[in-house]
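The values are calculated or read from the model by the stated rules, or taken from the named source; none is laboratory data. Source: prediction; values computed, not measured. Cβ placement follows ideal geometry from the backbone for every residue including glycine, while neighbour counts extend to all protein chains displayed.
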Amino acid sequence: MVRQRGGRFGRAVFWTLVALLVFLVVPILFFQVYFSFHQWTVYLGEWWQAEFVGLEVFREVFADTRFYLSFLRSLVFAGGSTLLTLLLGFALALLMSKDFPGRSLFYLAFITPMLMVPVVIAYDFEMLLVQQGPLNQLLSWLTGRTIQVPWLAQTATALLSVMLIEVWNWTPFVFIILLAGFSSLPREPIEAARVLGASRWQIFWGIQLPFLRPVLVLAGILRFLEALGEYAKVWTLTKGGPGTATETLPVYLYITSWTHFNVSKGAAMSYVALLVIGAIVYVSMRLLLRQQRALKTMLRTP
């Protein structure tokens, strides 16, 4: 009976995924391919009458300096925010890996930022970061001098400000993954090391960190890929400004497709980005599998 129910559930999931693929993913991919090889904007009449131009749209994308700069900003934004979330998430998980009074309250406080809607986060921080807002007032009080930094309105600080907001939002995600990693650490090697007189630092560096390395790599991969596609907070806070200081790839794709209404170029750019991100995912998966194999080898070593 249980096996029959499991089989019915598996078939239901399978056909649901097939339906989503056929009715949602395939049409989107078809239209993207069509627009990538046909020159069409909203002003050029009916889309099915668009002129076939072959690879001309892709050549336009590869000649666009703004596309490369937006992709570079996405890499800087994703890389910087991922590194900071890993460091902060690891520190929080290490602090919370032991039982202490009030631990559940701290846990709730740490995960709250991840539960908030991105647009709400953006509006809240926009009010905090205005030139005469609470953050500048607090800094003025702490330093004893007047500070009125336009955090989101000047090129030098805009991208860094959005990056730090991303770190605040997603550090709880890394914290949860690494806390689960700390909870699953084997006790026997740690107890054996303590009996042999190893210090806390030696236990952490020689035992805990190697066991946690695959979890760290997984958290970093997931966080980096999510940050590459971040759009809601950047658009709500700066719309890519000032100038193009925070114009990441998702923002530039939106501007190209739905502000300039150059749908064909937006579709071609999305395919180029898909290929690059696919290569990043492939390298990331190879790295993760290598870490898993190293962990299995270490577990088999007497």
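Tabulated results
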| quantity | calculated |
| --- | --- |
| Residue match in segment 28-44 (condition: in the same structural domain as residue 170 (by TED's automatic domain parsing), over 30 Å from residue 230 (Cβ atoms) and either free of Cβ contacts under 8 Å to residues at least 12 places away in the same chain or surrounded by 13 or more Cβ atoms within 10 Å (Cβ to Cβ) (or both)) | no |
| Within segment 268-300, tally of residues that are hydroxyl-bearing (Ser, Thr, Tyr), surrounded by 12 or more Cβ atoms within 10 Å (Cβ to Cβ) and over 22 Å from residue 184 (Cβ atoms) | 2 |
| Flag for residue 216 being at pLDDT below 85 and either within 24 Å of residue 280 (Cα to Cα) or out of contact with any helix residue (DSSP H, G or I) (no Cβ under 6 Å at 6 or more places or on another chain) (or both) | no |
| Residue count, segment 146-181 (criterion: among the polar types (S, T, N, Q) and in a helix (DSSP H, G or I)) | 5 |
| Near pairs, Cβ below 7 angstrom, 6+ apart or cross-chain, from segment 47-67 (within 18 Å of residue 275 (Cα to Cα)) to any residue that is part of a helix (DSSP H, G or I) and of a type in the set (D, E, K, R) | 57/265; 60/265; 61/265 |
| Flag for residue 132 being exposed (fewer than 13 other Cβ atoms within 10 Å of the Cβ) and in contact with a Ser or Thr (Cβ under 9 Å, 6 or more places away or on another chain) | no |
| Index of the failed condition, residue 184 passing every other in (1) closer than 16 Å to residue 94 by Cα; (2) buried (at least 18 other Cβ atoms within 10 Å of the Cβ) | (2) |
| Residue, nearest to residue 53 (Cα to Cα), within segment 243-281, restricted to residues that are among the polar types (S, T, N, Q) and without any contact (Cβ under 8 Å) to a residue 12 or more places away in the chain | 257 |
| Filter pass, residue 138 being surrounded by fewer than 10 Cβ atoms within 10 Å (Cβ to Cβ) and either assigned by TED's automatic domain parsing to the domain that holds residue 237 or assigned to a helix (DSSP H, G or I) (or both) | no |
| Test: residue 25 is β-branched (Val, Ile, Thr) and either over 24 Å from the mean Cα position of the chain (by Cα) or surrounded by 12 or more Cβ atoms within 10 Å (Cβ to Cβ) (or both) | no |
| Leading residue by the ranking (nearest to residue 37 (Cα to Cα)) among those in segment 263-301 that are at pLDDT below 90 and polar (S, T, N, Q) | 284 |
| Residue list for segment 219-266, filter: among the aliphatic types (A, V, I, L, M) and out of contact with any Gly (no Cβ under 9 Å at 6 or more places or on another chain) | 221, 222, 225, 228, 232, 237, 245, 263 |
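Per-residue answers, yes or no, for (1) within 12 Å of residue 264 (Cβ to Cβ); (2) at pLDDT below 80; (3) in contact with an Asp or Glu (Cβ under 7 Å, 6 or more places away or on another chain); (4) not in a helix (DSSP H, G or I):
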position: 15; (1), (2), (3), (4): no, no, no, no
position: 19; (1), (2), (3), (4): no, no, no, no
position: 23; (1), (2), (3), (4): no, no, no, no
position: 33; (1), (2), (3), (4): yes, no, no, no
position: 44; (1), (2), (3), (4): yes, yes, no, yes
position: 57; (1), (2), (3), (4): yes, no, no, no
